[in-house]
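Down below is the structure, laid out as structure tokens.
The values are calculated or read from the model by the stated rules, or taken from the named source; none is laboratory data. Remember, predicted model here, so these are calculated numbers, not experimental data. Every residue, glycine as well, gets a Cβ built from its backbone with ideal geometry; the counts of neighbours run over all protein chains shown. Ligands, DNA and RNA are stripped out before the accessible areas are found, and what is left, the full protein with its side chains, is counted by its heavy atoms. Shrake-Rupley method; radii C 1.70, N 1.55, O 1.52, S 1.80 Å.
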Amino acid sequence: MKLVKLVAAAVALLLVLFALGCVERPEELAELRIGWQPAFEHVAVPIILEKGWLEEELGIPVKAQLFTGGGAEEFQAFRAGEIDVAVGGIAPAISAIAYEYERGHRVVAAVGMDIATLCIRATNGTPDFHWNYSDPAGSILRFKEEQGRPMRIGVWGGPGSIQWTITWDWLEAHGIDPEQDVEIKTGGIVLMEWLRSKVIDAAVIGAELDDLMMQQGYGVPVLWISKEWAELHGYEHSPCCIVAVRGDLLKEHPEVVSAVVRAFVRAQNFAYEHPDEAVRILDRYIPDSVKLAFGGHDVWLSAVNASLDHYLGLNATYLGLRCEGQLVHDANPHMIVGCALEFARALAEMKPPHGIPRMLNESDIFDFSFYDEIARTLETVK
Amino acid sequence: MRLLADKIKIENLRKVFEVRGGGNVVALNDVSFSVREGEFVCIVGPSGCGKTTLLKIIAGLERPTSGVVTLDGKPVSGPGRDRCMVFQEYALFPWRTVLKNITFGLENLGIPKEERLKIAKRYIELVGLQGFEDRYPHELSGGMKQRVGIARALAIEPEVLLMDEPFGSLDAQTRNMLQKELLEIWEKTQKTILFVTHSVDEAVFLADKIVVLSARPAVVKEILEVDLSRMRDRTSQEFNEVRSKVLRILQEEAQKAMEMEKSELPLA
Amino acid sequence: MGRVFVPRRLAGVLSQFTEERRWLGIVTLLLFFSLWQILPSYGIVDRYLFPPPSAVVSDGLLPWLRSTFLSDLLCSLMHWATGLMLGFAAGFVLGICMGWYRVVDSIFYYLVELVRPIPPIAWIPAMIIWLGIGHTTASAVIFIGAFFPVLINCYSGARNVDPVLIDAARVLGTRNLLLKVVIPYATPFILTGLRIAIAACWMCVVAAEMFGTTRYGLGWTLFLAESYGNMALVFAGMITFGVIGLAMDIAFRRFERWVLRWKPLAG
């Protein structure tokens, strides 16, 4: 019996130790960790690191972690406490806030908006099938009739991403059943490969990828779906990437959050005023593996440069609509409030396993206090 | 008195094996002897002299380099229904029951199921394994396994039964018992039997005729007719005389074999 | 102490428990589940990273059962079964032929050795390009998971047939050695390969379905749950995989023991 008791005690001890390992220890904030994804939309982060504004102000090291797997991966790390600040899509941020409601995570700034375009597959710049530019919904349904199968649409990011949510909602609003009338598949950079190989018929992608695809001729943009979605619901813009901070950071170190928002405001405006330098900085911080996935450093660079037109609203029209810049001036979160709430509604209405378990309102998602204070004392960047 | 017709004739059999690394080994050089119908012939010889090779050639499992084996005047080329073999390692199919092992050869002959069962039952009784039909080989003792082996070989009713040291893996008592049973089976079935063995005692006990092979390359050293009446008494004087004679021949050959092995050892 | 009537089978199981101290294992399980329930519930452990069993059931399993669970289960089982059967058939044929016929072995040996180390997951991107997105691709990935274990084990079995059994079969007049001796001899190896393949294929299901190749599937739901950060559902999914995998293994071992009833139990 003695042996048995000993074994039982050892097992119990091991289990407790293991469990304790998952306990959170109160953060003393030895360093600040920011997560971001490799796109020009997130250029604020490399700019902040390069200029050292945050380190100067806070006196603690600032580390950035790049997530090539998309928003889902980044926000998992966010929830696990591996990063304190996440620059990523509003949709996974809303998911994180909803699932961890008591934690009190909040969105404090916005970096990008209106970044999702529906592109259809093409050969040498000519679309592979019929498309009526003034009736996109009809074209999708017509595809099903003509080809005998639902159109396969690849959507950037995972399920629950911005592109996914926008596409899903837009389709339903136009009377298209996202489960029966089309086939929605998800992927990252691989979407480009699928489009090129005709594995999918269309893709909802954004930013540099549109330009890359047009340069190489295997796709043609037909619908600025994010803008259409916004207008559908009566908003001027659709949200894309934002800056989210963890609830415990807000509670325990609000001064740090303030500094973070300030840095993002400076960085966004810097990108507008010095776009070429911004691209050079981005080039230094994005690893070769990402550029390789694009098709090499030069291909990537030319795609980024081409995309500057619509990122920065440089006298550009995009699909016939005037571009007002998709990089958010001043990192102003107010620009996307209304449409972000629309997102939350859309997510809350989805059937499980999609969607979020509860509805969120404005104060659940956003904390404007930091930005508002900075806005009062805004100064231009040198 | 049995018929004196030649059942099997082995003429100038020669078997050469190629050895890895070049070179040849002559297993059988010029082996010739004949076997009468219904005879019980034992083949003895020093270790490694090619007794098993000889048996395999007769069975049709191997081809001779030169020479010929004829059965009833017809030359032998491959395995056939007329010759079946019993192995030292029993070679029972472990996934088949005793009954199914015995019917194995009958299945190959295309005999219908009911007929197969009848024949199998007959041979099970012959070897005294009634009640064990549904056992698997791993449940049997060595002696019982060999009984199955014998029944299996006899079931296809070959004219010649070839036995390669069949009792070599058994203990002395079981061995003696099976020797007696084999003689009874032989009396009942009147088969021609070629029996390879290491044991001179066994050979003298069982055989009508003993063929003594020389060391490698093997030739027939001597053929002894054993005229003693059955059941032979191992302790009798006549038995001993024959045994001594064979042993003497073997000893000479064993010496030669040892010397040959020494000469074949690689130079250090 | 009064006499208690216990049916013989139960008594056997019980005695195994007490004699081999198997009940220690039960104690560990109980301890594990109680800790898992208590620690997150009282906030000692992060409730979001480790939802307690009660949350896993109420927030993960039950909503799932009410929506797509059955479709997911059937879809995954279908992928698994299709890939497994085709992979087994192909691996069996090629493995036995390579093991028994030296010529076939020489022809395919290097090719097999080259392709074999590629894990099923690594095939996915290429398969999507070749076969498109859909059930075919999912099954094809699982096919790879079955093919190689079966091939290797069948090869082993056919290669190592006891030569004296071949001799015996020949003298007994066998014309088709492959069917009458080689395959029966190799059966234990074949079953080992099948058992490994069953488990490997089930593990491939997640990877095969993760890329959204099909609309339903346990792997796809698991992936969705992870994308939305629904940890309770993630756990429910993991446990489902584990339970079904275990059930498959137990069922197969029973089957194996029946087929190999002619084999003496080792030890």
Discussion item. What do you get for the angle between helix B:113-127 and the principal long axis of chain B? Use alpha-carbon atoms, 0 to 90 degrees, nearest ten.
Written reply: 60
Fill in: For region B:1-77 and region C:48-94, distance of Cα centres in Å
65
Practice prompt. Summarise the accessible area of region A:274-382 (1.4 Å probe, protein heavy atoms) by the percent that is carbon and sulfur.
Written response: 50
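Checking an interface number: how much accessible area is buried between C and A, summed over both chains, with a 1.4 Å probe, in Å² rounded to 100? If you can, show how the numbers build up before the last one.
Numbers: alone 16760 and 16890 Å², together 30270 Å².
For C against A, buried area totals roughly 3400 Å².
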Worksheet, complete the sentence: In degrees rounded to 10, the 0-90 angle between helix B:237-264 Cα long axis and the longest Cα principal axis of chain B is 60
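What does the charge count near B:ALA27 come to, summing +1 for each Lys or Arg and -1 for each Asp or Glu among other residues with Cβ under 13 Å from its Cβ?
Working: positive: B:ARG14, B:LYS15, B:LYS51, B:LYS56, B:ARG63, B:ARG216; negative: B:GLU18, B:ASP30, B:GLU62.
Neighbour charge sum, excluding B:ALA27 itself: +3.
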Practice prompt. Between A:ALA91, A:ALA44, A:ALA80, find the one with the highest GNM mean-square fluctuation for chain A; connect C-alpha pairs within less than 10 Å.
Written response: A:ALA80
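Quick one: net charge around B:SER199, please, counting Lys, Arg +1 and Asp, Glu -1 for every other residue with C-beta under 9 Å from its C-beta. Show your work: numbers first, answer last.
Details: positive: B:ARG175; negative: B:GLU165, B:ASP201, B:GLU202.
Combined, the nearby Lys, Arg, Asp and Glu give -2.
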Discussion item. Sort A:153-160, A:253-260 by packing, meaning the average of other beta carbons within 10 Å per residue, with the highest value first.
Written reply: A:153-160, A:253-260
Worksheet item: What does the average come to when, for each residue of peptide C:170-181, you count the partner chain Cβ atoms lying within 10 Å of its Cβ?
Response: 6
Response to the item:
The answer for B:THR192, listing residues at least 5 apart or on another chain whose modeled amide H is closer than 5 Å to its amide H, is B:GLY38, B:LEU161
Practice prompt. Give the long-range amide H neighbours of B:LYS7: residues separated by 5 or more places, or on another chain, with amide H under 5 Å away, using H modelled in the peptide plane at 1.01 Å from N.
Written response: B:VAL35, B:ARG36, B:GLU37
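Please list A:358-367, A:221-230 highest first by mean number of surrounding beta-carbon atoms within 10 Å per residue.
A:221-230, A:358-367
If I compute solvent accessible area with a 1.4 Å probe over the protein chains, what percent of it on chain B is carbon and sulfur? List each step's numbers first, then the result.
Details: 6060 of 12660 Å².
Answer for chain B: carbon and sulfur cover 48 percent of the accessible area.
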Worksheet item: Quick one: helix A:2-20 against the long Cα principal axis of chain A, what's the angle to the nearest 10°, folded into 0 to 90?
Response: 50
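Let me confirm one metric for peptide C:225-238, namely the mean number of other chain beta-carbon atoms within 10 Å of its residues' beta-carbons.
Numbers: counts 5, 7, 18, 20, 14, 10, 4, 2, 2, 1, 0, 1, 1, 0.
For peptide C:225-238, the averaged partner shielding equals 6.
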Worksheet, complete the sentence: Counting Lys and Arg as +1 and Asp and Glu as -1 over every other residue whose Cβ sits under 10 Å from the Cβ of B:TYR90, the net charge comes to +2
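Can you tell me the accessible area per residue over the protein assembly as shown, all protein chains present, probe 1.4 angstrom, in square angstrom?
On the way: 41920 Å² over 917 residues.
It amounts to 46 Å² per residue over the protein assembly as shown.
Sort C:PHE92, A:PHE40 by accessible area with a 1.4 Å probe, largest first. Each step should come with its number before you reach the end.
Numbers: C:PHE92 55, A:PHE40 0 Å².
Sorted by accessible area, descending: C:PHE92, A:PHE40.
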Discussion item. Whole-Hz ³J(HN,Hα) for each residue in region C:121-128, computed from phi via Karplus 6.51 cos²θ - 1.76 cosθ + 1.60 with θ = phi - 60°, x for glycine and proline: what do you get?
Written reply: 4, 5, 6, 4, x, 5, 5, 5
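Can you tell me the dipole magnitude for chain A around its Cα centre, using point charges on the Cβ only (Lys, Arg +1; Asp, Glu -1), in Debye to the nearest 20?
Values: 31 positive and 54 negative charges, 224 e Å.
Magnitude of the dipole: close to 1080 debye.
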Worksheet item: Picking from A:ALA72, A:VAL85, C:ALA232, whose Cα lies most toward the positive end of the charge dipole for the protein assembly as shown (charges on Cβ: Lys, Arg +1; Asp, Glu -1)?
Response: C:ALA232
Worksheet entry | Beta bridges by DSSP in chain A, antiparallel share as percent, to the nearest 5 | 60
Discussion item. Averaged over its residues, how many other protein chain Cβ atoms are within 10 Å of peptide B:154-166's Cβ atoms?
Written reply: 1
Worksheet item: Which whole-angstrom value gives the distance between the alpha carbon centres of region A:126-151 and region B:124-167?
Response: 77
Worksheet entry | Residue order for B:SER47, B:SER141, A:SER238 - accessible surface, 1.4 angstrom probe, largest first | B:SER47, B:SER141, A:SER238
Practice prompt. State, to one decimal in nm, how far the label point of B:THR235 lies from the label point of B:GLU114, with both points 7 Å from Cα in the Cβ direction.
Written response: 5.4
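Taking N as the number of residues in region C:114-176, what is its alpha-carbon radius of gyration divided by 2.2 N^0.38 Å?
Working it through for region C:114-176, the quotient is 1.77.
Given a 1.4 angstrom probe, I'd like the percentage of the accessible area of region C:153-267 that is carbon and sulfur, rounded to a whole number. Don't skip to the end; give the middle numbers.
Working: 3200 of 4880 Å².
C and S fraction of accessible area: 66 percent.
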Fill in: Between region A:95-111 and region B:207-265, the Cα center-to-center distance that results, in Å
98
Worksheet entry | Within the protein assembly as shown, percent of DSSP bridges classed antiparallel, to nearest 5 | 55
Worksheet item: Residue-wise, which Karplus ³J(HN,Hα) couplings in Hz belong to region A:325-333, taking 6.51 cos²θ - 1.76 cosθ + 1.60, θ = phi - 60°, and x for glycine or proline?
Response: x, 9, 7, 6, 4, 6, 6, 6, x
Item to complete: Return the tail of the calculated pair distribution for region B:35-145, meaning the percent of Cα-Cα pairs more than 16 Å apart.
Response: 69
Worksheet entry | Accessible area buried between chains B and C, both sides summed, probe 1.4 Å, in Å² to nearest 100 | 2000
Worksheet item: Long-range amide H contacts for A:HIS105: which residues qualify at under 5 Å (H placed 1.01 Å from N, peptide plane, sequence gap of 5 or more or a different chain)?
Response: A:GLY247
Worksheet item: Ordered by residue, what ³J(HN,Hα) values in Hz, to whole numbers, does region A:283-295 give under the Karplus form 6.51 cos²θ - 1.76 cosθ + 1.60, where θ = phi - 60° and Gly and Pro are x?
Response: 4, 6, 9, 9, x, 4, 4, 5, 5, 4, 4, 6, x
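Can you count the Lys pairs in region B:51-147 with C-alpha separation below 20 Å, eight or more apart or on different chains? Don't jump to the answer; show the numbers that get you there.
Values: B:LYS56/B:LYS74; B:LYS100/B:LYS113; B:LYS100/B:LYS118; B:LYS100/B:LYS121; B:LYS100/B:LYS145; B:LYS113/B:LYS121; B:LYS121/B:LYS145.
Final tally of qualifying lysine pairs is 7.
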